[in-house]
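The values are calculated or read from the model by the stated rules, or taken from the named source; none is laboratory data. Bear in mind the structure is a predicted one, so any value in this text is a computation, not a measurement. Cβ: placed from backbone, ideal geometry, glycine included. Neighbour counts: every protein chain shown. What goes into the accessible areas is simple: the full protein's heavy atoms, side chains included, and nothing from ligands, DNA or RNA. Shrake-Rupley method; radii C 1.70, N 1.55, O 1.52, S 1.80 Å.
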Amino acid sequence: MHFSLIRVARPLAFVACAAAVAVQAREAETPVADASRAAPAAHPWSDASLPVAARVELLLAAMTRDEKLALVYGFFPPLAKGEGIPTDMIPSAGQVPAIPRLGIPALRESDASLGVANQVEQRKGDVATALPSGLAVAASFDPALAQETGAMIGGEARAKTFNVLLAGGINLTRDPWGGRNFEYLGEDPLLAGTMAGESIRGVQSNHIVSTIKHYALNAQETGRFVMDARIGEAALRESDLLAFRIAIERGQPGSVMCAYNSINGDFACENAFLLNTVLKGDWAYPGWVMSDWGAVHSTVKAARNGLDQQSGGELDTHSFFREDLRKAFDEGALPASRLDDMVRRVLHGMFATGLMDAPVVRTAQPIDYAKNAEVAQRAAEAGIVLLKNEKGILPLAKSAKRIVVIGGHADVGVLSGGGSSQVRSVGGAPVEIPLKDGPAASFVRRTWHASSPLAAIRKLAAGARVEFVDGADPAAAAAAAKGADMAIVFATQWTTEAEDVETIALPDGQDALIDAVAAANPRTTVVLNTGGPVLMPWLARVPAVLAAWYPGQRGGEAVARVLFGEVNPSGRLPITFPASIDQAPRPQVPGYDQVKASPDRGTDARAIRPFTVEYREGSDVGYRWYARQGQTPLFPFGHGLSYTSFGYSNLTVEGGAALKVRFDVVNRGKRAGSDVPQLYVTPAQGQRPLRLAGWERVTLQPGEKRRVTITAEPRIVADYDIAQPGFHLAGGTYRISVSRDAAQPVLTGQVELQERRLAP
């Protein structure tokens, strides 16, 4: 989601709010249903013992046409004016009016995947728990953790009176410079789909709706209102759409949010292929399609082609789904059955998630922020990736006498990404820099969370002298670092919604800073607080590097615990780090110069000439592209080191109707740790790049051995056949590898698989 103005498996949070159900029921907009009793005759749909579909039809039949039309338009509260505005609106991302006569609660919507980012309300002093970035959560390769983080933010959203969370970001990383990469879950469809699905399950365990977004191929921010993403159907089905498909299967989100951009010539929110053919036809998705804020361009075409609800209509060029929609039904441009279908889908999402049976209360409920902060910290710790650790320089010995921390505002906090996902976190923002120019300037601030790495390092460093240097002067930083037991440079790269970065080089002379410090002290560690991959011209001169991403409101503590070995790093890269930008499919941002030169740049460049982006890599996204091109990246997908070592042995491979591998994993070191063995598959004949078909996160004590079984996802092994249509797994011989990352196989073998045809 986006505002184009200054914005005025362990569901812990749900447990906290569930204890107040009786109190909430008295304040709620509708009573909590009791499945053990017959429903009131006036509201037979409140009988929770009935199937969801039956309840939906009962309620739909009781609605007037005006009530139906009210349910398919969402207001943007800060700009909402005129007749029909809800009287109970709160400052938020959006609201759909309640229908008290029928017991239908208002839909109150808030961003986003990284915490309850209700930025309008937060200007009054409201705060929320800030998770680490989506890439950090994806780097854990831990579906249970994804579910736990989703449950936490869903619980906070409910306690803050929201019942729709605009979460579930899943756009695959096709380009390393993408401004919104940090929000999403990396470049692989199986990893992204699995992690997003579990996060959505967590959110909805609180009986609220989660979206999944941005459907589809919203892979860049530059010109996102006017760009047309071009890709073949089979390639799209094997990559971005497969990620959405897996996530929808696992998470069953109540709503899908369509994207800003066009796909193969039609805007995403009026794209019949995406919405009707694939989502509602092939996948039989029963929930509703809501627009992104400002992504609607028509009335009849959008409604006919699958859009069910216009969101935040005041941010569109027109309120397409208000009077114009009514007129379209009046004049027969749209059949009445289409309105029923739109409303049926909204109601399905509300019933299926439990929102109708356990509606949120009208007043905010208490939140255990301390407990939720622990979830955020565990997520940050699990997602930190140890990229390099030459000669075992880390973990930092507690016997160190002098440590110098340099740069990145590490004395006061950790950097976060910008845009609608920005959370006003508990503890405040010790550094906040408003933007003066560019597409994001109207609604974005460069913000640090109040989690000081310096303070956390001092706490763990026992009697050591820990100094801080701001890094503005490389020579002064080098002088301070000389002779220290460790110099730790915090390098930052800020990225945001609405803009892509022009270069993936570290900004503001930080490469020169790192070079100077490394020359002065051979025991230098670089901690990267970035939105994605960055270039590292200094890598050969620095013995240790951590990718800490945007680590959230407990990021300082998480980084310190990894540096000192309180936590054994276990993160794995969900995204490839190229050695040079020329290795990427698109070394330059398509449309960047055009948008930069536009006088309309500050309002998302809607008026500039549309342009196309050709995704010629097709389904070979990320590591598959690098393999196809024969390139050696700086760090491959799946890479990550540990303070212990793991061995794999005794591989057995089972083929036939399904691919299954079994092998032993042993912890050969002296520390407990977690490993992520990864299964890659490719046909023995032909040139198709390897694909991640499964993985397992394994936690082992020193000397412990465990037998691991991984079953391959068949749609990853298969190719999409347009003529069938559906996935076709060709019979024959396949090569498999159990690997440490996409470029480092350990156990290899071959298997014979039977031909299989799978649904679209």
* Residue-wise, which Karplus ³J(HN,Hα) couplings in Hz belong to the range 485-496, taking 6.51 cos²θ - 1.76 cosθ + 1.60, θ = phi - 60°, and x for glycine or proline? -> 5, 7, 10, 10, 9, 9, 9, 10, 9, 9, 10, 8
* Asked: Using a simple charge model, +1 on the beta-carbon of Lys and Arg, -1 on the beta-carbon of Asp and Glu, nothing else, what dipole does the chain show about its Cα centre, in debye to the nearest 20?
  -> 1740
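Can you tell me which of 581-593, 236-248 comes out highest on packing, and rank the rest after it, using the mean Cβ neighbours within 10 Å?
Numbers: 581-593: 17.2, 236-248: 25.2.
So the order, starting with the most tightly packed, is 236-248, 581-593.
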* Asked: Can you give the calculated 222 nm mean residue ellipticity of the chain, where each DSSP H run of n ≥ 4 adds -39,500 (n - 2.57) and the sum is split over every residue, rounded to the nearest 500 deg cm²/dmol?
  -> -7000 deg cm²/dmol
* Asked: Using θ = phi - 60° and the Karplus form 6.51 cos²θ - 1.76 cosθ + 1.60, what ³J(HN,Hα) does each residue of the range 735-746 get, whole Hz, x for Gly and Pro?
  -> 8, 10, 9, 9, 10, 7, 7, 5, 10, 10, x, 10
* Over the heavy atoms of T149, what accessible area does a 1.4 Å probe trace out, to the nearest 10 Å²? -> 10
* What does the accessible area of E566 come to, in Å² to the nearest 10, when a probe of 1.4 Å is used? -> 80
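Contour minus end-to-end for D593 and E67, with contour as 0.36 nm per residue of separation and end-to-end as the Cα-Cα distance? Mind dumping the intermediate values first?
Details: separation 526, 0.36 × 526 = 189.36 nm, distance 4.65 nm.
Roughly 184.7 nm would be gained on extension.
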* **Karplus 3J(HN,Hα) series, Hz, for the range 715-727 with 6.51 cos²θ - 1.76 cosθ + 1.60 (x for Gly, Pro)** => 6, 6, 6, 7, 10, 8, 10, 4, 5, 4, x, x, 7
* To do: Report, in debye and to the nearest 20, how large the dipole of the range 47-114 comes out about its Cα centre when Lys and Arg carry +1 and Asp and Glu carry -1 on their Cβ.
  => 80
* Place +1 on the Cβ of every Lys and Arg and -1 on the Cβ of every Asp and Glu in the chain, take the dipole about the Cα centre, and give the residue among S199, Q594, A397 whose Cα lies farthest towards its positive end. => A397
* Descending semi-axes in whole angstrom, ellipsoid equivalent of the range 218-281, from the Cα gyration tensor -> 19, 13, 12
* Quick one: divide the alpha-carbon radius of gyration of the range 65-109 by 2.2 N^0.38 Å and tell me what you get. => 1.06
* Distance from the range 634-701 to the range 340-392 (C-alpha centre basis), Å -> 29
* To do: Work out how far the C-alpha atoms of the range 716-760 reach from end to end along every principal axis, then list the three figures in whole Å, largest first.
  => 37, 20, 11
* Cα-based reach from K160 at 16 Å (exclusive), listing lysines while leaving out same-chain residues under 8 positions away -> K124
* Globularity index of the chain, i.e. its alpha-carbon radius of gyration over 2.2 N^0.38 Å -> 0.93
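Please compute the per residue accessible area over the range 90-166 with all protein chains in place, 1.4 Å probe, rounded to a whole number of Å². Write down the numbers at each step before the final one.
On the way: 1230 Å² over 77 residues.
Value for the range 90-166: 16 Å² per residue.
May I ask you to list the GluC sites (Glu not before Pro) in the range 310-398 that are in a DSSP loop and have at most 15 other Cβ atoms within 10 Å of their Cβ? Numbers along the way, then the final one.
On the way: sites: E314, E323, E331, E374, E381, E390; in loops: E331.
For GluC sites (Glu not before Pro) across the range 310-398 that sit outside H, G, I, E and B with at most 15 neighbouring Cβ atoms in 10 Å, the list reads E331.
Set the Förster distance to 41 Å, then compute FRET efficiency between A54 and E654 from the Cβ-Cβ distance, nearest 0.05. Walk me through the numbers before you get to the answer.
On the way: r = 42 Å, r/R0 = 1.03.
Between A54 and E654 the formula returns 0.45.
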* Asked: Farthest toward the dipole's positive end in the chain, which of G686, P143, A672, given Cβ charges of +1 (Lys, Arg) and -1 (Asp, Glu) about the Cα centre?
  -> A672
* To do: Treating only the Cβ atoms of Lys and Arg (+1) and Asp and Glu (-1) as charged, compute the dipole magnitude of the range 140-239 about its Cα centre; round to the nearest 20 debye.
  => 360
* Structure fact -> In the range 559-638 the accessible area split gives carbon plus sulfur, as whole percent at 1.4 Å, a share of 47
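Probe radius 1.4 Å, ligands and nucleic acids left out: which of T525, T87, T699 has the largest accessible area, and how do the rest follow?
Details: T525 0, T87 145, T699 70 Å².
Correct descending sequence by accessible area is T87, T699, T525.
How much length is gained on full extension from T748 to K81, taking 0.36 nm per residue of separation minus their Cα-Cα distance? List each step's numbers first, then the result.
Working: separation 667, 0.36 × 667 = 240.12 nm, distance 6.40 nm.
Once the chain is fully extended between T748 and K81, it gains 233.7 nm.
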* To do: For the range 106-183, would you read off the P(r) tail past 22 Å as a percentage of all alpha carbon pairs?
  => 27
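Taking every pair of distinct Cα atoms and averaging 1/r, then inverting, what Kirkwood hydrodynamic radius in Å comes out for the range 312-442?
Values: mean 1/r = 0.0455 Å⁻¹.
Computed over Cα pairs of the range 312-442, the Kirkwood hydrodynamic radius comes out at 22.0 Å.
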* To do: Lys and Arg at +1, Asp and Glu at -1: add these up for the other residues within a Cβ distance under 10 Å of R55 and post the number.
  => -3
* Sticking to Cα atoms, compute the Rg of the range 481-553 to one decimal and its Dmax as the biggest Cα-Cα distance, whole number, in Å. => 12.8, 44
* **For the range 255-387, accessible area per residue (1.4 Å probe, heavy atoms of protein chains only), Å²** => 30
* Per residue accessible area in Å² of the range 173-247, where ligands, DNA and RNA are left out and the probe is 1.4 Å -> 11
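Report the full-extension gain for the segment A41 to E432: residue separation times 0.36 nm, less the Cα-Cα distance, to one decimal in nm. Intermediate results must be reported in sequence, preceding the final value.
On the way: separation 391, 0.36 × 391 = 140.76 nm, distance 5.55 nm.
Taking A41 through E432 to full extension adds about 135.2 nm, to one decimal.
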